[in-house]
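The values are calculated or read from the model by the stated rules, or taken from the named source; none is laboratory data. These numbers come from a predicted model, not from an experiment. Every residue, glycine among them, receives a Cβ derived from its backbone with ideal geometry; neighbour counts consider all protein chains shown.
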Amino acid sequence: RKEVEQDPGPFNVPEGATVAFNCTYSNSASQSFFWYRQDCRKEPKLLMSVYSSGNEDGRFTAQLNRASQYISLLIRDSKLSDSATYLCVVIRYGNNRLAFGKGNQVVVIP
Amino acid sequence: EADIYQTPRYLVIGTGKKITLECSQTMGHDKMYWYQQDPGMELHLIHYSYGVNSTEKGDLSSESTVSRIRTEHFPLTLESARPSHTSQYLCASSEIQDNYGYTFGSGTRLTVV
């Protein structure tokens, strides 16, 4: 089983709609969680950290569910510029290994 | 502006050639990493370093080697390139505290013919 699992999609979203997707992780010792955004043929860029209490950054909301070992990302009022692949990233405490999911591809449609 | 720089951006090279991919960062980060990513696939860690003279192999077996003689510089070398090495190579760095996330370079897209 992969350490980080994501449904690659694509998630086709009408402009202005809300889209949400999850990422599951297999190692309960995982301690730090992030969402990265990667545009086509570009490097990943940090979108937001994910905190246990959940956190929001503008139209983006991230949640962590330790009991079920998943994190989620919700995008409200989708913009065309939100079209990208969203990578779930998990860091295991202690060995500092960073594990990436394959990404959720989001396509915002006018 | 970028704080972590990778060169070259694109490289096409013949089989058997020796190549070095450069990565430099100006943030004073102790931790640096090399990832390999094929199109549409996840990133795989191939090497990492926690400081000068410290290098470790990552999760994905790689025929490349790395060195860390200076904090800001983490080059990756392939002694004899093969077509199977064709991929995108991404360098990243981070602070000691993992919860600040990673900063990635723009990547080197390598094609071995």
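Right, B:L76: within 14 Å of chain A (Cβ to nearest Cβ) and either farther than 22 Å from A:P44 by Cβ or in contact with a strand residue (DSSP E or B) (Cβ under 7 Å, 6 or more places away or on another chain) (or both) or not? Against the criterion (within 14 Å of chain A (Cβ to nearest Cβ) and either farther than 22 Å from A:P44 by Cβ or in contact with a strand residue (DSSP E or B) (Cβ under 7 Å, 6 or more places away or on another chain) (or both)), B:L76 does not qualify. Of all the numbered requirements in (1) more than 8 Å from chain A (Cβ to nearest Cβ); (2) on the phi < 0 side of the Ramachandran plot; (3) at pLDDT below 95, B:G51 misses one, and that requirement is (2).
Selection of strands (runs of 3 or more DSSP E) fully inside region A:1-95 by the criterion of at least 3 residues being touching a Phe, Trp or Tyr at 6+ places or on another chain (Cβ under 7 Å) and in contact (Cβ under 8 Å) with a residue 60 or more places away in the chain returns A:19-25, A:84-92.
Hey, does region B:30-40 have a residue that's over 11 Å from the mean Cα position of the chain (by Cα), within 14 Å of chain A (Cβ to nearest Cβ) and over 20 Å from A:K42 (Cα atoms)? There is at least one residue in region B:30-40 that is over 11 Å from the mean Cα position of the chain (by Cα), within 14 Å of chain A (Cβ to nearest Cβ) and over 20 Å from A:K42 (Cα atoms).
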